[in-house]
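The values are calculated or read from the model by the stated rules, or taken from the named source; none is laboratory data. Note that this is a predicted model, so its numbers are computed, not measured. Cβ: placed from backbone, ideal geometry, glycine included. Neighbour counts: every protein chain shown.
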Amino acid sequence: MLAKEAAVRSLLAHIANPAEPANRRRTERRTLRLDVAVRSSTRESAVIIRNLSRTGLLIETDAYFALGETFILILPELGAVPARVVREEGKSLGCEFLSPVPASVISAALLKAPHDAEADALAPAAPPDDAGHFVRARPLGAFLFTVLTALFSAVALLFIVALATLNFSAE
């Protein structure tokens, strides 16, 4: 009988909840300073990403976002990513992604950030005054990518129209 009680006690020891660690973050955060655009249901704003992980980020902005508000964030190499405000501290907002982003997105963001990002991230900085400033500050490569995408789309549309015209003229 004592052997059975010892086995039950041992089993109960495995069921007990472990102590919660002091750092509850699920993924490693990377410090950077990256200007990006965000779009909510009512407005578009420019924000500064101060740190970033696969599951969340810290942004700095003058724009008002309510706790629980969801917005779309434009990240390098991924594009539009939905996130939600979970913590507010002055101009800084702690946000979580609605689904984790790939590690490659973190790498791309770090590559897009200025080289002295760690030192700059510690210094207070004002975000751009409006979303228009963000658009003007886009690199030439982003502009060229947009133009080439538009040209490719136009050529593809012309090809489809030409193909449809050939099919109708053959009948």
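Return yes when Ala125 is hydrophobic (A, V, I, L, M, F, W, C), at pLDDT below 85 and within 22 Å of Arg29 (Cβ to Cβ) and no when it is not. So Ala125 fits the description; yes. Among the residues of region 42-82, the ones that are under 17 Å from Arg29 (Cα atoms) and charged (D, E, K, R) come to 3 in all. Can you tell me which residues in region 3-55 are at pLDDT 50 or above and aliphatic (A, V, I, L, M)? Scanning region 3-55 gives Ala3, Leu32, Leu34, Val36, Ala37, Val38, Ala46, Val47, Ile48, Ile49, Leu52. Here Leu93 passes the criteria (1) surrounded by 10 or more Cβ atoms within 10 Å (Cβ to Cβ); (2) under 23 Å from Glu44 (Cα atoms); (3) modelled with pLDDT under 90 except the one numbered (3). Within region 68-103, being at positive phi and touching a residue at least 12 places away in the same chain (Cβ under 8 Å) holds for Gly68, Glu77.
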